[in-house]
Amino acid sequence: MVRDLEESDEENYVRKHVLSDTAWLKEQGETQESAWERASVRIFGDPAGVYGAGVADLLESKAWETLDDLAAVYTRFSGTAYGGDGMARAYDPEVFQHRMAGLDVTVKNEDTRETHMFSSDDYNAYHGGMIATVRALTGKAPRSYTGDSSDRQRIVLRSVAEEAARLFRGEAMNPKFIEGMKKHGYKGASDLANYLAHSYQWDATSAVMKGLDVRGLRTQICPRCGDAGVDAGGQSVGAPPHGRDLA
């Protein structure tokens, strides 16, 4: 394994971090063997048989108050350690959160223009959930990016805030987009309601919606909504949870 190669820290970052995490775990009272094994885990994910990051359901329920609540759920769903054989070993929230607290940068690559960060709550649940967890553990936001390889001849890297602004201004603030969605009746209303909900959710995890007219989108969907949640094509339009406001 790469961790076992006798190389300098500058040559072998995997070994560098395994050694550092081993020392940290030994300070917590772990034996050398146990600390070395736990520090060597490079893959974390859901428990066996489980799917999702949990964050989308929590945000939809509005049953949360702080970033710590989002981080706790993200950790519970994502903190299972996996071994080299691809099998789940054990739930290890301590090591998982230690890794999250050490992140300076997060990146999620997209290779299609068919969907994007406002199309589904999965985008925010996974990437936004990671950003929220880092924010909760460190008190500051990591530098977060979206890689766009939809055109392999022109790969673009944008910050999550830049990507949110690009998409929101091109669609949600574009009268042609809104009118086109209205022509699809129930489905158009449902998709617009989801767009609004995902905008609020991204702001909750990553604070990337400031300066964007989310309230204007809400008015377009339902001019008489006020601050109360209503149904748009069977979907709850919703309002910012716990009195949060975006604009």
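Each value in this text was obtained by applying a stated rule to the coordinates, not by laboratory testing. Since the model is a prediction, treat every value here as computed from it, not as a measurement. Cβ coordinates were reconstructed from backbone atoms using ideal geometry, including for glycine residues, and neighbour counts include every protein chain displayed.
Name the single residue, out of those in the stretch 98-133 being touching a helix residue (DSSP H, G or I) at 6+ places or on another chain (Cβ under 6 Å) and not hydrophobic (A, V, I, L, M, F, W, C), that is farthest from ALA35 (Cα to Cα). Before the answer, list the steps.
Going residue by residue through the stretch 98-133, those that are touching a helix residue (DSSP H, G or I) at 6+ places or on another chain (Cβ under 6 Å) are 100-101, 103, 106, 108, 116-118, 121, 124-125, 128-129, 131-133.
Filter again for not hydrophobic (A, V, I, L, M, F, W, C), leaving 106, 108, 116, 121, 124, 128-129, 133.
Numbers: THR106: 26, LYS108: 30, HIS116: 40, ASP121: 36, ASN124: 33, GLY128: 30, GLY129: 27, THR133: 24 Å.
Once the filter is applied, the top-ranked residue is HIS116.
Checked against the criterion of being out of contact with any Lys or Arg (no Cβ under 7 Å at 6 or more places or on another chain), of a type in the set (A, V, I, L, M, F, W, C) and without any contact (Cβ under 8 Å) to a residue 24 or more places away in the chain, the candidates VAL160, VAL107, VAL156, VAL134 yield just one match: VAL156. Of the residues making up the stretch 25-49, those that are farther than 20 Å from MET130 by Cα, crowded, with 16+ Cβ neighbours inside 10 Å and not aliphatic (A, V, I, L, M) are GLU30, TRP36, GLU37, ARG38, SER40. Going residue by residue through the stretch 193-205, is there one that turns out to be assigned to a strand (DSSP E or B) and touching a helix residue (DSSP H, G or I) at 6+ places or on another chain (Cβ under 6 Å)? The answer is no; no qualifying residue exists. Taking the stretch 5-14 on its own, how many of its residues are part of a helix (DSSP H, G or I) and over 14 Å from VAL41 (Cβ atoms)? So the count comes out to 1. One residue stands out in the stretch 110-126 among those that are in contact (Cβ under 8 Å) with a residue 60 or more places away in the chain and not polar (S, T, N, Q): the one that is farthest from TYR82 (Cα to Cα), namely PHE118.
Within the stretch 163-174, if we keep just the residues that are exposed (fewer than 14 other Cβ atoms within 10 Å of the Cβ) and free of Cβ contacts under 8 Å to residues at least 40 places away in the same chain, the residue that is farthest from the chain's Cα centre (by Cα) turns out to be ASN174. Scanning the stretch 159-199 for residues being basic (Lys, Arg) and out of contact with any Gly (no Cβ under 8 Å at 6 or more places or on another chain) gives a total of 4. Does at least one position in the stretch 133-145 carry a residue that is among the polar types (S, T, N, Q), exposed (fewer than 12 other Cβ atoms within 10 Å of the Cβ) and not in a helix (DSSP H, G or I)? The answer is no, given that none of the residues of the stretch 133-145 is among the polar types (S, T, N, Q), exposed (fewer than 12 other Cβ atoms within 10 Å of the Cβ) and not in a helix (DSSP H, G or I). Restricting GLY128, GLY170, GLY79, GLY147 to those that are within 22 Å of HIS17 (Cα to Cα) and not hydroxyl-bearing (Ser, Thr, Tyr) reduces the list to GLY79.
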